[in-house]
Amino acid sequence: MDPSPAVIARITDPVIVHRPAERRSPLLAASPHSGRTYPPDLLAQSALPLDQLRRSEDAYVDKLIEAAPGLGITSVIAPFPRVFIDPNRSTRELDPALFADLAATPPGTTPHVQAGLGIIPRVSAGGRALYHGPLSTAEARQRIADYYRPYHGAVDVELKSACDIFGKAILLDFHSMPAIAAGGADIVLGDRHGSACDAAIMTRVEAAFLAQGFLVRRNRPYAGGYTTACYGKPGQNRHAIQIEINRGLYLNEETVTRSGTFPATREKIEAVLRALVQEKWS
């Protein structure tokens with residue numbers, strides 16, 4: 001049996017923050033898409049069973065980075081699933097095909113929205129409809145208030161704290177990518193083609209992954225999403241890198257369970273974090 005299965009339960013804490021006894025680095029490790037606590041209301045509304053909903057998770061990424069606090073790095077985890085609400089989207093990315101009472105001119109018709117993957121997704125990772133019918137914008141506003149804003153509030157607080165202590169903040173936004181989309185890479189680092197992170201910081205993060213034998217690529221096919229763009233402000237001493245981990249390294253993608261190589265991959269990620277803590281970021 002998987003040691004950390006998905007659960008069906010009401011979410012009492014919309015964000016989980018793990019702070020170390022002593023913060024030793026300006027790094028902040030975040031996992032916005034590994035949530036596997038599914039609210040009963042979501043399952044009642046959904047056209048898909050739980051096992052299909054789970055295929056949209058960046059499954060167990062939170063477990064891959066769970067060593068962070070012990071190394072002196074704060075971590076911020078979203079416990080809610082991305083099919084419920086996606087923290088890596090703008091609040092403007094509401095899908096007019098999902099919200100019948102949305103204004104005729106929707107506030108954010110981005111490519112994500114057009115694909116059905118707005119802040120509240122309309123389709124699953126496999127392109128299947130998530131809901132039996134439309135939702136109300138009142139429900140969207142409630143999800144944003146109850147889950148999205150607390151998550152981003154925690155990220156912002158921890159980045160401000162890092163800046164106060166160390167003079168800069170470095171957000172490592174951890175995700176996972178389907179093996180079929182990885183193009184042979186183990187890790188894809190996205191800094192929005194240099195706009196979200198100082199080049200020297202990006203190079204040092206890349207070197208830490210390379211030292212563990214990972215095949216690393218930059219910005220292809222993932223250059224960084226909303227979170228990277230929102231928090232990556234090098235001119236303000238805030239840097240952000242989206243880190244995509246190939247699911248084939250640690251996951252049985254069909255069953256959404258940890259594979260036999262999960263422990264080895266977790267050890268390598270821990271070694272990366274340990275190396276980055278030891279860097280002199282001043």
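Please specify each residue of segment 63-80 satisfying the condition of being outside any loop (DSSP other than H, G, I, E, B) and touching a helix residue (DSSP H, G or I) at 6+ places or on another chain (Cβ under 6 Å).
Hits for segment 63-80 are Leu64, Ala68, Leu71, Thr74, Ser75, Val76, Ile77.
Within segment 22-59, the set of residues being touching a Gly at 6+ places or on another chain (Cβ under 8 Å) and assigned to a loop (DSSP other than H, G, I, E, B) comprises Glu22, Arg23, Arg24, Ser25, Pro26, Glu57.
Report whether or not Arg36 is over 22 Å from Lys168 (Cβ atoms), among the basic types (Lys, Arg) and touching a residue at least 60 places away in the same chain (Cβ under 8 Å). Criteria not met by Arg36.
Within this structure, Ala211 passes the test of being closer than 17 Å to Ala200 by Cβ and of a type in the set (Gly, Ala, Ser). Quick check: is even one residue across segment 158-172 touching a helix residue (DSSP H, G or I) at 6+ places or on another chain (Cβ under 6 Å) and more than 18 Å from Asn88 (Cα to Cα)? For segment 158-172, residues touching a helix residue (DSSP H, G or I) at 6+ places or on another chain (Cβ under 6 Å) and more than 18 Å from Asn88 (Cα to Cα): present.
Within segment 255-282, how many residues are more than 20 Å from Gln212 (Cα to Cα) and open to solvent by 50 Å² or more (accessible area, probe 1.4 Å)? Walk me through it before giving the result.
Within segment 255-282, the first condition is being more than 20 Å from Gln212 (Cα to Cα), and the residues that meet it are 255-258, 281-282.
Pick out the ones that are also open to solvent by 50 Å² or more (accessible area, probe 1.4 Å) and you get 255, 258, 282.
Residues flagged as more than 20 Å from Gln212 (Cα to Cα) and open to solvent by 50 Å² or more (accessible area, probe 1.4 Å) within segment 255-282 amount to 3.
The single condition from (1) loosely packed, with under 13 Cβ neighbours inside 10 Å; (2) modelled with pLDDT under 95; (3) of a type outside the set (A, V, I, L, M); (4) closer than 29 Å to Asp51 by Cα that Gln142 fails is (2). The residues of segment 256-282 that are without any contact (Cβ under 8 Å) to a residue 24 or more places away in the chain and polar (S, T, N, Q), listed by number, are Ser259, Thr261, Gln278.
Within segment 43-79, the residues that satisfy the criterion of being surrounded by fewer than 21 Cβ atoms within 10 Å (Cβ to Cβ) and among the hydrophobic types (A, V, I, L, M, F, W, C) are Leu43, Ala44, Ala47, Leu48, Leu50, Ala67, Leu71. Of the residues that make up segment 80-90, is at least one open to solvent by 40 Å² or more (accessible area, probe 1.4 Å) and either out of contact with any strand residue (DSSP E or B) (no Cβ under 6 Å at 6 or more places or on another chain) or more than 21 Å from Ile11 (Cβ to Cβ) (or both)? Yes; the residues of segment 80-90 include at least one that is open to solvent by 40 Å² or more (accessible area, probe 1.4 Å) and either out of contact with any strand residue (DSSP E or B) (no Cβ under 6 Å at 6 or more places or on another chain) or more than 21 Å from Ile11 (Cβ to Cβ) (or both). Checking segment 242-254 against the condition returns no match, with no residue being open to solvent by less than 40 Å² (accessible area, probe 1.4 Å) and free of Cβ contacts under 8 Å to residues at least 60 places away in the same chain.
Taken over segment 1-26, residues that are closer than 26 Å to Ala162 by Cβ and either basic (Lys, Arg) or open to solvent by less than 100 Å² (accessible area, probe 1.4 Å) (or both) amount to 12.
Hey, Arg192 hits all of (1) among the charged types (D, E, K, R); (2) touching a Ser or Thr at 6+ places or on another chain (Cβ under 7 Å); (3) open to solvent by less than 20 Å² (accessible area, probe 1.4 Å) but one; which does it fall short on? Against the list (1) among the charged types (D, E, K, R); (2) touching a Ser or Thr at 6+ places or on another chain (Cβ under 7 Å); (3) open to solvent by less than 20 Å² (accessible area, probe 1.4 Å), Arg192 comes up short only on (3).
Take the conditions at negative phi and touching a Leu at 6+ places or on another chain (Cβ under 8 Å) and apply them to Ile16. Does it pass? It is false that Ile16 is at negative phi and touching a Leu at 6+ places or on another chain (Cβ under 8 Å). Candidates are the residues of segment 123-135 that are surrounded by fewer than 20 Cβ atoms within 10 Å (Cβ to Cβ) and assigned to a loop (DSSP other than H, G, I, E, B); the one that is nearest to the chain's Cα centre (by Cα) is Ala125.
Residue-by-condition table, conditions (1) of a type outside the set (A, V, I, L, M, F, W, C); (2) open to solvent by less than 60 Å² (accessible area, probe 1.4 Å); (3) touching a His at 6+ places or on another chain (Cβ under 7 Å); (4) under 28 Å from Pro79 (Cα atoms):
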position	(1), (2), (3), (4)
Ala181	no, yes, no, yes
Ala200	no, yes, no, no
Thr203	yes, no, no, no
Phe214	no, yes, no, yes
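The values are calculated or read from the model by the stated rules, or taken from the named source; none is laboratory data. Quantities reported herein were computed from a predicted structural model and do not represent experimental measurements. For neighbour counting, all protein chains shown are included, and Cβ atoms are generated from backbone atoms with ideal geometry for every residue, glycine included. Side chains included, ligands, DNA and RNA excluded: accessible areas come from the protein's heavy atoms. Shrake-Rupley method; radii C 1.70, N 1.55, O 1.52, S 1.80 Å.
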